[in-house]
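Worksheet for the structure shown next.
The values are calculated or read from the model by the stated rules, or taken from the named source; none is laboratory data. The structure displayed is predicted, hence computed values, not measured ones. Positions of Cβ are generated from backbone atoms using ideal geometry, with glycine treated the same way; all protein chains shown enter the neighbour counts. All accessible areas refer to the heavy atoms of the entire protein, side chains included, with ligands and DNA or RNA removed. Shrake-Rupley method; radii C 1.70, N 1.55, O 1.52, S 1.80 Å.
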Amino acid sequence: RRQRQMCIRDRLMLIYDIKFDIKSSIYGRLGNVRIMMRHLREDRVAIIDNGINKDLICREKMQSKIVIDDNNRCIEDKDKIQITDFQHGTICALIVEKYNSHCILNSVRILDKNGKGGIEKIEPALEWCYQNNIKIVNLSFGTTNFNECEKLKKLVNKYACSGMIIVAATANSGFVSYPACFTNVIGVATTGSPLSYSKDYMQIGIDAVVPSEHMVKMFNEEVKTSLSNSYAAPYVCALIANRLNTDNALGIKKLKEYVKEQSRIEMIEGVYEPDWVYKAYVTGRKKTSRANYYFETVSGEFSEIQDKVDTVIGFSVADLENLDIKDKNLIYLGQEDIYNIDVQGFYWSRKTRQQQILNNHYQGNGLEVPVIILAIEAAIDSYYILTELRKVFASDGYNAYTIGMEPECVLYGLEYMPEPMADYGVWKNFIESQVFYKQSDLVIWCILLEDREKFLKVYPDCDVEISLCKEGENTVVEITFEKEKTEKIISGLIARKDVDEIYHMIEAKLTEDEDG
């Protein structure tokens with residue numbers, strides 16, 4: 001059998017006709033939750049981009065021109081865009097103006113004239129929009145860099161909770177990109193693309209496939225915009241602004257349904273990743289783990305704290321029966337079907353995950369990345385080990401697609417895979433689609449030690465097998481690679497240093513030369 005070598009891909013940064021440079025930055029503290037929405041104006045649209053040439057926009061339509069400076073402060077943008085400059089943000093504004101005659105445009109410049117910028121500028125840009133009561137935000141850029149996913153997710157969840165509607169172009173490359181793929185962002189792609197959006201939009205987070213070629217007036221000349229997801233997004237912004245003009249109470253979920261109806265291809269509604277949570281109320285049994293949820297939680301009597309949370313998380317129907325969920329989102333981790341719970345927000349369960357798997361159209365030819373099977377005794381804290389192992393791979397630049405077999409793993413930002421009921425091929429195709437679209441460098445698949453033999457039949461040619469079992473106060477770690485076994489004894493609780501050591505053992509084996 002050919003030994004698959006682990007490698008870090010060169011990530012394509014030309015995402016939406018512009019370059020979006022990712023800098024190593026840490027967002028500041030996100031501040032207090034804003035579940036109670038302020039009055040965001042549906043006629044105000046912000047184009048966060050490389051600036052708008054105000055000479056090309058109707059003067060009455062332009063409200064503000066802001067730039068985020070090198071100190072991440074919002075100041076008046078006094079730079080004049082020259083005729084020879086890249087007019088990316090201007091074109092986006094012209095498209096919004098073309099299809100919405102009532103819009104008030106705001107320019108928030110975070111990219112330079114060449115379309116480059118730092119990710120740390122997005123937070124002050126969105127905060128300025130919030131403080132200035134802007135409801136609709138156009139982002140015709142993003143990143144496929146997996147290391148920026150968590151920061152962007154926390155940031156987007158914060159402002160989506162305030163009622164902000166963020167529309168983002170997905171990557172022209174066809175890979176998963178951030179923030180377009182997030183549930184509470186409206187992800188947009190263009191018609192006419194050579195990529196098979198009509199089949200795989202669900203795996204990429206696309207909500208609408210609409211035209212991007214529009215006739216706009218620039219410098220006294222009618223020009224046709226290029227075929228690009230960049231110029232599909234502002235078209236959707238205009239549609240949303242028009243829709244909110246007739247019903248300004250519509251939230252992100254209803255608007256996602258609306259743009260799916262406007263899409264030029266038939267799209268399935270209602271299957272979302274559970275990545276939207278900003279602050280949650282967790283009710284019912286939960287597994288004790290040293291790992292942290294990817295979101296914050298609020299405790300107390302639900303009737304007293306419900307205005308402070310956007311999502312309810314329950315483990316059984318009984319957990320939810322006496323809760324007035326109203327317009328909250330729901331993550332349901334129980335095994336029973338829910339019939340009488342009225343969920344107006346986003347909803348995720350074992351069943352919706354199964355629907356996502358069954359609706360996958362990607363036909364894989366086997367995984368061409370390393371597969372690590374992690375077989376763990378039930379008494380061991382699998383969530384902590386998985387999250388820490390994923391982090392240490394990421395710190396070395398490896399994007400690990402990390403799978404758990406319990407639905408609760410989604411609370412930690414891990415991938416939940418229900419046990420296949422019948423067709424293992426459908427199940428494997430879904431994993432391979434996720435690995436392809438998320439550009440994963442390897443798969444870490446955690447199973448119960450007692451189920452080891454059953455799941456090894458699915459991927460019998462796994463590259464590394466790791467088993468963890470308890471022996472008194474110790475944990476025995478056995479790593480098998482090419483029939484070669486290595487054993488390690490860990491005393492007491494498994495710590496990050498132990499995970500680091502396990503990682504270095506795996507990494508050393510997977511990066512060996514084939515002749516080594």
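One residue is enough: does the range 226-233 have a residue meeting the conditions in contact with a helix residue (DSSP H, G or I) (Cβ under 8 Å, 6 or more places away or on another chain) and part of a loop (DSSP other than H, G, I, E, B)? Among the residues of the range 226-233, not one is in contact with a helix residue (DSSP H, G or I) (Cβ under 8 Å, 6 or more places away or on another chain) and part of a loop (DSSP other than H, G, I, E, B), which makes the answer no. Considering GLU501, GLU487, GLU512, the condition of being part of a loop (DSSP other than H, G, I, E, B), open to solvent by 10 Å² or more (accessible area, probe 1.4 Å), among the charged types (D, E, K, R) and farther than 19 Å from TYR383 by Cβ is satisfied by GLU512 alone.
In the range 305-337, how many residues are part of a loop (DSSP other than H, G, I, E, B) and buried (at least 17 other Cβ atoms within 10 Å of the Cβ)? Spell out how you get there, then give the answer.
Narrowing the range 305-337 to residues part of a loop (DSSP other than H, G, I, E, B): 309-310, 315-316, 321-328, 333-337.
Narrowing the set further to residues that are buried (at least 17 other Cβ atoms within 10 Å of the Cβ) leaves 309-310, 315, 323, 325, 328, 333-334.
Residues flagged as part of a loop (DSSP other than H, G, I, E, B) and buried (at least 17 other Cβ atoms within 10 Å of the Cβ) within the range 305-337 amount to 8.
Selection of the range 71-92 for residues being closer than 18 Å to LEU126 by Cβ and not in a strand (DSSP E or B) yields ASN71, ASN72, ARG73, ASP77, GLY89, CYS92.
Answer yes or no: is there a residue in the range 293-304 that is closer than 25 Å to GLU150 by Cα and open to solvent by 80 Å² or more (accessible area, probe 1.4 Å). Walk me through it before giving the result.
Just the residues of the range 293-304 that are closer than 25 Å to GLU150 by Cα, to begin with: 293-299.
Filter once more, keeping what is open to solvent by 80 Å² or more (accessible area, probe 1.4 Å): 296, 299.
Yes: the range 293-304 contains one or more residues that are closer than 25 Å to GLU150 by Cα and open to solvent by 80 Å² or more (accessible area, probe 1.4 Å).
Is it the case that the range 234-246 has a residue that's farther than 25 Å from ARG350 by Cα, surrounded by 14 or more Cβ atoms within 10 Å (Cβ to Cβ) and in contact with a Pro (Cβ under 7 Å, 6 or more places away or on another chain)? Yes, the conditions are met somewhere in the range 234-246.
Annotation note: Cβ proximity below 8 Å between a residue of the range 191-217 that is touching a residue at least 24 places away in the same chain (Cβ under 8 Å) and surrounded by 17 or more Cβ atoms within 10 Å (Cβ to Cβ) and a residue that is among the basic types (Lys, Arg) and part of a helix (DSSP H, G or I) (sequence gap 6+ or interchain) occurs for ASP207/LYS256; ASP207/LYS260; ALA208/LYS260; HIS214/LYS98; VAL216/LYS98.
When ASN114 is tested against (1) of a type in the set (S, T, N, Q); (2) surrounded by fewer than 17 Cβ atoms within 10 Å (Cβ to Cβ); (3) touching a helix residue (DSSP H, G or I) at 6+ places or on another chain (Cβ under 8 Å), exactly one condition is not met: (3).
Restricting to the range 243-267, name every residue that is under 22 Å from the mean Cα position of the chain (by Cα), among the hydrophobic types (A, V, I, L, M, F, W, C) and part of a helix (DSSP H, G or I). Before you say what the answer is, go through the steps one by one.
Keep residues of the range 243-267 that are under 22 Å from the mean Cα position of the chain (by Cα), which gives 251-260, 263, 267.
Narrowing the set further to residues that are among the hydrophobic types (A, V, I, L, M, F, W, C) leaves 252, 255, 259, 267.
Across the range 243-267, the qualifying residues are ILE252, LEU255, VAL259.
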